[in-house]
1. May I ask you to order 12-24, 48-60 by the average number of other C-beta atoms within 10 Å around their residues, highest value first?
2. Give me the 1.4 Å probe accessible area per residue for the chain, excluding ligands and nucleic acids, in Å².
3. Around A42, under 11 Å between beta carbons, what's the net of Lys plus Arg minus Asp minus Glu among the other residues?
4. What part of the accessible area of the chain, given as a whole %, is carbon or sulfur when the probe is 1.4 angstrom?
5. Can you give the translational diffusion coefficient of the chain in µm²/s, computed by Stokes-Einstein from the Kirkwood radius over Cα pairs at 37 °C and 0.692 mPa s?
6. With both bridge residues required to lie in the chain, what share of the DSSP beta bridges run antiparallel, to the nearest 5%?
7. For the chain, calculate the relative contact order in percent as a whole number, restricting contacts to Cα pairs under 8 Å that are 6 or more residues apart.
8. Counting each DSSP H run of 4 or more residues in the chain as -39500 (n - 2.57), what helix-only mean residue ellipticity at 222 nm follows after dividing by all residues, to the nearest 500 deg cm²/dmol?
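The values are calculated or read from the model by the stated rules, or taken from the named source; none is laboratory data. Worth saying up front: this structure is predicted, and the values here are computed from it rather than measured. Neighbour counts are summed over all protein chains in view; Cβ atoms, including those assigned to glycine, are modelled from backbone coordinates with ideal geometry. Just so you know, the surface numbers come from the protein's heavy atoms only, side chains and all, with ligands and any DNA or RNA stripped out. Shrake-Rupley method; radii C 1.70, N 1.55, O 1.52, S 1.80 Å.
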Amino acid sequence: MTSTSRQRRSSRPPKRCQRRWVYVHFKKLKWNWIIAPNGYSANYCDGVCPRVLDMQLEPTNHAILQNILHKLDSRIPSPMCAPTKLHGISVLYKTSDRSIALTEYGGMVVSSCGCL
């Protein structure tokens, strides 16, 4: 890689905080006790929180204050991109006594992201 391409790559503006897609395959995790589903879209949050937080990023009051403090003192970290809404999934699985159970696991899927 040349220094020119390295400079070009590092000069790109960082991506804004947003939800990103990722699919979890239970078989790849070797979670063979799960009957259904085969996997699910777990999603995750990634990106930076801008210097000026807008309401679209669902900032908490704490994030707004932390953003102001960060501008005054760079030792204080800026707000972080994190899940603001999560929802669950239903999982059909084999129990240790070989029966079958259906359970709703909350907080498994990232629905939206914001600056916290």
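1. Working: 12-24: 12.9, 48-60: 14.6.
Order by mean packing, descending: 48-60, 12-24.
2. Numbers: 8470 Å² over 116 residues.
With all protein chains present, the chain gives 73 Å² per residue.
3. On the way: positive: R19, R20; negative: none.
Overall, the nearby charge balance is +2.
4. Values: 4830 of 8470 Å².
Within the chain, the accessible surface is 57 percent carbon and sulfur.
5. In µm²/s, the coefficient is 192.
6. 95
7. Numbers: 206 pairs, mean separation 34.0, N = 116.
Result for the chain is 29 percent.
8. Details: 2 runs with 20 residues, N = 116.
My calculation for the chain gives -5000 deg cm²/dmol from helical runs alone.
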